[in-house]
Amino acid sequence: MRFIFKTSYLQDIRLLKHNGYVFWYGLLLIAILLAPLLLDEFYIGEMAFIFIYAIAGLGLMIPVGFTGLPSLGHAAFMAIGAYTNAYLLSSGYSFLLSVALAGIISSLVGGLIAVPLKRMTGIYFAIATLAFAIIVEEIIVHWESVTGGLGGLAVDYPVILGFEMGETWQFYFICLIVLLLVLLGTLNLIRSPSGRAFIAIRDSEISAESMGINLSYYKIKSFAISGLFTGLAGALFAHRLAYLAPDAFNFLLSIQLLMMVVVGGLGTVHGAILGAIFVGLLPQAIAIAKDYLPPFIGEFPGLEPGLFGVILVLFIVFEPMGLYGRWIKFKLFLEMFPLYRKATFKRQKSYLKTERVQ
Amino acid sequence: MTFFSAKGISIEFGGIRAVDNVSFDVDKGSIYTIVGPNGAGKTTIFNIISRIYNLTSGKITFEDQDITHLPTHQVVSRGIARTFQNIELFDHATVLHNLLIGRHIHCKSGLLSDLFFLPSVKRMELEHRRRVEDVIDFLDLQHYRDQLIQNLPYGVRKIVELGRALCTDPKMVLLDEPASGLNVDETEDMAFWIDDIKKLLGITVIMVEHNMSLVSQVSDRVLAINYGKVLAEGSPREVQENPEVIKAYLGEEDVR
Ligand SMILES: Nc1ncnc2c1ncn2[C@@H]1O[C@H](COP(=O)(O)OP(=O)(O)OP(=O)(O)O)[C@@H](O)[C@H]1O
Ligand SMILES: [Mg+2]
């Protein structure tokens, strides 16, 4: 086991807690930077797609995993980001400005939508976000002058400083840069007062409030940040799709995003990334599996959404800490090998919370 | 001037008066204890003061300011921090993290500066950390600093919750049964800390407690209530010898 000897308060603030982290994450970054040289274009495209998912996953992790606000409507923020970007590009805005505005507008919508939702919790909150997503989808269908309605909307290539970025590897790096920025923002947030307040609200609203945290204000903040990140993901997603239609942003996408954070591991940054990899690889896995399955199962309509639902439920029941939680357990097992106790992660209830104030 | 005063506070839950016309004053720098049988309304009084419940009638003043209708989250910035009878810590966070939340009202950074973790945020974080370390030293929590709350024994959680209240730099703390569930040694430590909070830190304490030896050891004044009504008020000795109070407690024993 590694024991970290702390000599300065700064050590608790550092992003990479010790040199082991610096080494492994450095190696990972180098591999990602070199990937376009080594891998086939198809895989680079898929990796860019996973980056976009990871950005959206971080966006969703902030309300769901850190603030405890279950959202079933995050496809709406993807849609707002995607359509804003596509519309602004077609009106002649530059790519960088257009993507930034897509994020900002989505963030404003996030903040606004949180105002009426701030007093709701649990299932009521989830249903309200679901309703919000349906309303956004309807608006996209009917606001034809901007969104193209059911006819759809073409998305131009990104152009940065006069250079056309039509190649897959170029898009790969654009997505990577946005992901790294969003990742840094998320890490900064959770080591600062705002992020602490989010986590406090998640764990005990009553206690958070009596520590001076203005619940409504922080829930609005949480949704505004989430809107920003998810909107950025949406803006990039638009380029991946190349042609926007309302059904790309339906309930299935919201569920997919939710599955990502649950499967990855709620309340962890790693969880959002691992979840994105999982969700990104799943369609491939399903496609491969289909070849081996008897046709009456493989061709079954609604196989994919059904499978998503099953995976979501299985994880919630059997692995509530997600893939990242599984990894932590595995790491501990290796570190403590002969001494590992199976009960280390058994949830223990040492007292009852019966008389909690409501 | 009275430091803290509750005048005729009452609250009704569906027609039942859980607290009925209770008045009391607390002097600055004293330890004031509320006692009473189970269900007497002690916690409810705390919930009224910390504005978790809206009172039906009455008035509460603190340092000559009316705080009867303050929004809940502003109570602590006026200088009144509290603990909960059943411990309301942030279970999935470390001790350090919990104590830092106690510093929340002193954190002045905005969302954008947090997102970029500007140097000013970093500087303030270090300052809050120093303050938190003072409290860790005061309560001997060094050993538990980086542990998750959910892995800590009950007694330590009680102390962490007290520490979190102290991290807000309060003028007054409300402690709801600080010694309940603690063993004899832990209770003794708690008595010393409560005394130190008053003498060393100069913080006023209002406390709810069942352990009568702890009550008489640390309290300056005691208020006894039953069924939401005041039975007696005075020094610990006076209250313990009051026939009404004895009857309330013995009556309860008889029912059992
Ligand atoms: N939110 C509420 N709704 C309805 N009744 C309530 C509520 N809160 C408290 N009460 C009632 O008020 C009465 C006083 O409760 P309170 O929790 O203040 O008792 P207590 O003196 O703290 O008792 P204990 O020593 O058991 O902690 C009880 O009868 C309780 O059922
Ligand atoms: Mg009580």
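Here are the numbers for the structure shown:
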quantity: Kyte-Doolittle at least -1.0, axis length at least 27 Å by Cα - qualifying DSSP helices, chain A; calculated: A:19-38, A:41-61, A:95-117, A:122-142, A:168-190, A:215-241, A:269-292
quantity: Amide H contacts of B:THR2 (H built 1.01 Å from N, under 5 Å, at least 5 apart or other chain); calculated: none
quantity: For segment B:204-239 and segment B:1-71, distance of Cα centres in Å; calculated: 15
quantity: Prolate/oblate/rounded call for chain A, Cα gyration tensor, a/c under 1.5 rounded; calculated: rounded
quantity: Computed helical MRE - 222 nm, chain A, DSSP H runs ≥ 4 contributing -39500 (n - 2.57), nearest 500; calculated: -23000 deg cm²/dmol
quantity: Within 10 Å of each Cβ in B:122-129, the average number of Cβ atoms from other chains; calculated: 3
quantity: Cα shape, segment B:1-87, gyration tensor, a/c 1.5 rule; calculated: rounded
quantity: Buried solvent-accessible surface, both chains (A, B), 1.4 Å probe, Å² to nearest 100; calculated: 4000
quantity: Helix axis angle, B:119-139 relative to chain B longest principal axis, alpha carbon, degrees; calculated: 40
quantity: Pairs beyond 22 Å (Cα-Cα), from A:LYS331/B:LYS158; A:LYS6/B:LYS122; B:LYS7/B:LYS171; calculated: A:LYS331/B:LYS158
quantity: Helix B:154-167 axis, angle to chain B major axis (alpha carbon atoms, nearest 10°); calculated: 70
quantity: Pair A:LYS290, B:ARG17: separation of 7 Å Cα→Cβ label points (nm); calculated: 7.3
quantity: Three-way shape label, segment A:1-57, alpha-carbon gyration tensor, a/c 1.5; calculated: prolate
quantity: Other-chain or far-sequence residues with amide H under 5 Å of B:ILE203's (modelled H); calculated: B:LYS198
quantity: Fluctuation leader among B:PHE117, B:PHE62, B:PHE84 - chain B, Gaussian network, Cα springs under 10 angstrom; calculated: B:PHE117
quantity: Positive minus negative residues near A:SER90 (Lys, Arg vs Asp, Glu; Cβ under 15 Å); calculated: -2
quantity: Kirkwood Rh in Å, taken over all unlike Cα pairs in chain B; calculated: 19.2
quantity: Listed peptides A:311-319, A:231-239 by packing density, highest first (mean Cβ within 10 Å); calculated: A:231-239, A:311-319
quantity: Number of partner chain Cβ atoms within 10 Å, mean per residue of A:197-207; calculated: 5
quantity: Alpha carbon centroid spacing (whole Å) that separates segment A:180-219 from segment A:7-63; calculated: 23
quantity: Evaluated at q = 0.13, 0.16, 0.26 Å⁻¹: base-10 log I(q)/I(0), Debye formula over Cα of segment B:90-166; calculated: -0.40, -0.59, -1.17
quantity: Estimated distance in nm for a label pair at A:ASP247 and A:ARG14, the labels positioned 7 Å out from Cα along Cα-to-Cβ; calculated: 5.3
quantity: Candidates B:LEU139, B:LEU175, B:LEU99, ranked by Gaussian network fluctuation over chain B, Cα under 10 Å, top entry; calculated: B:LEU139
quantity: Fraction in percent of alpha-carbon pairs per bin - 10 Å, the protein assembly as shown; calculated: 3, 15, 23, 22, 16, 12, 6, 3, 0, 0
quantity: Charge tally in the Cβ shell below 9 Å around A:SER194, where Lys, Arg are +1 and Asp, Glu are -1, A:SER194 excluded; calculated: +1
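The values are calculated or read from the model by the stated rules, or taken from the named source; none is laboratory data. Because the structure is predicted, anything quoted here is derived from the model rather than measured. With ideal geometry, Cβ positions are generated from the backbone for all residues, glycine too; neighbour counts draw on all protein chains shown. Accessible surface areas use protein heavy atoms only, side chains included; no ligands, DNA or RNA. Shrake-Rupley method; radii C 1.70, N 1.55, O 1.52, S 1.80 Å.
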